[in-house]
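Below: one structure, written as structure tokens.
Derivation of every value follows stated rules applied to the coordinates shown; laboratory data play no part. What you are looking at is a predicted structure, and each value in this text was computed from that prediction instead of being measured. Methodologically, a virtual Cβ is constructed for each residue, glycine included, from the backbone with ideal geometry; neighbour enumeration extends over all protein chains shown.
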Amino acid sequence: MTNSAETVMGRLDALERFERAAADNLPDETLAPVREVLARAGTRLRLPGEHTIIALAGSTGSGKSSLFNALARMELSPAGHLRPTTGQAHACVWGPDPATELLDWLGVDPQHRFRRESPLDAEDEAPLRGLVLVDLPDMDSVATAHRVEVDKLVESVDLVVWVLDPQKYADRTVHEEYLRHLRALREVTVVVLNQTDRLAGDDAEQCRLDLVRLIEADGLAGVPVLATSALTGGGVGDLRALIEKAVGNRQAMLARFGAELDAVTRRLAPLVAADLGDDAIGRDAIRSLSDALAVASGVGAVAAGTAGEYARRAGMPGPPFRRRRTRAMVASGPAGADSPAQPAAVVLAVHRFADQVGAALPPAWAERIAAVARTVTGAPPGLPDAIGDAVRAARRRPPRPFGWWFARLVWWLAVLAVIAGATWYLLDRANWSGLDRLNLPDISVRGAPIALIVAGGGLLVAVALPLLTLPLRRARARRVRASVEGDLRVAVAGLAEDRVVSPVRGVLRDYGAARDALAWQA
């Protein structure tokens, strides 16, 4: 990918979108490198001027400060061989712009800032206009603050020139703690074997080739490796030409940010590797969750209890129907009891759903889904309590059956007919004299007294009416049960959507946004 200003800005914007999408879902330590790049790039790009920052880094006695002075063609940074001479960063700026804000950001003390170019130079220094050359503290200094400053500046400059000497060019500190960690920044890294004046004949080239081998072993194949001598000036011109080229094309800063973006993208790619498609959750998963929560919350038992209450209220008041519950009309569970929800079963259903959805995600995002499940089912008021409240609120007292009052009136009239007819017949058989005073007609049908006919007819109606209405009451009880269970399932499904599915969908939306943002980087 090219490192044009437009491309780099677009990639930084995409990385910022990734950070926003992942901020609430991934650990801070995972996003720390992203935020560091965004903060560093954002600050650098807001600084005025078009400067190229090139730093000279090296160990004590490598001739780093001498090389700094040779490039500046002035004695600006104190040089030494036996002790850490460069305790603080020194900077030299070429051109009319003093780069004050830039040097403030780098943390270079004003006493150690220098300006290059004067009327005496004519156009000799023109190719370096815009250069900010920084002489870093010795990276092997015993002072911890010096090493901290080196690490900070190495991360902030556009191009680093690592200055090594013939005696310590294979030093493990340089290779293991610095160079091997710069593989992503090979395009903005230069290695210099300085003080070649101390070597005789072909030894300088042999040392340089050995250094090339070590640099390649560090994963920095292709990085320029130059041989220089600040004392004699040998190779300094080649290094200056390389720096002039970097300053002239104004690409060092963009190359640095491009390399950092490449490294961050490679590190983040496994976090959004899975393509979830259009239906990340799936209707079957949501239906399974709702069904499991309905079972766990005792929806069936509550609906059966309501149907049983309806059946009890629809029954006739006398034997054999008084508060009697047949298998067809009454199911287990008292109608007035609280919802028999099972919190453990609710928690298990939610975690199974989370595991099912998270199975398609990379581990970091799957853990986020699991965390959502733990939050949903956590301490009150958690999902089990909410489901219990919803079930109790949705449950209703069953209505009186249609025609119930009329059926009861008919049944009672039939019972009264049985009592009246039987009493009439018994009194008549006992020749009770009071019957004559009532002037009751002496009617018979085919020899059967009217009293027996009334009693028999009433008994027939009293027995037949409950039996004839039983199928209707059973069917109505089943409809009541289905209606109540349907309402309760809708209530549970709504809670599942609001408390579980919706938060999980939010995580998946963030995942999709993060994946799209990182895909733009490629």
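Couplings for the range 244-259, taken from phi via the Karplus curve 6.51 cos²θ - 1.76 cosθ + 1.60 with θ = phi - 60°, read 4, 5, 5, 6, x, 8, 6, 9, 4, 5, 5, 5, 4, 5, x, 5 Hz in order; Gly and Pro are left as x.
Just the Cα atoms of the range 101-226, one point each, no solvent: what log10 I(q)/I(0) does Debye give at q = 0.17, 0.18, 0.21 Å⁻¹? Computed log10 I(q)/I(0) values: -1.03, -1.10, -1.26. The residues SER156, SER77, when put in order of fewest to most other Cβ atoms within 10 Å, stand as SER156, SER77. Ordering LEU67, LEU214, SER229 by Cα displacement along the dipole of the range 51-249 toward the positive end leaves LEU214 in first place; charges were set at the Cβ atoms of Lys, Arg (+1) and Asp, Glu (-1). Residues of the range 478-522 with the amide nitrogen closer than 20 Å to a label point 7 Å from the Cα of ASP355, along Cα-to-Cβ, please. In the range 478-522, the label zone of ASP355 (backbone N under 20 Å from the point 7 Å along Cα→Cβ) covers 500-501, 504-505. Translational diffusion of the range 467-522, estimated by Stokes-Einstein from the Kirkwood radius over alpha carbon pairs at 10 °C in a medium of 1.306 mPa s, is 106 µm² per second. Taking amide H as placed 1.01 Å from N in the peptide plane, LEU226 has its amide H under 5 Å from the amide H of VAL191, VAL192, LEU193, each at least 5 places away in sequence or on another chain. Of LYS64, LYS168, the sequence from fewest to most neighbouring Cβ atoms within 10 angstrom is LYS168, LYS64.
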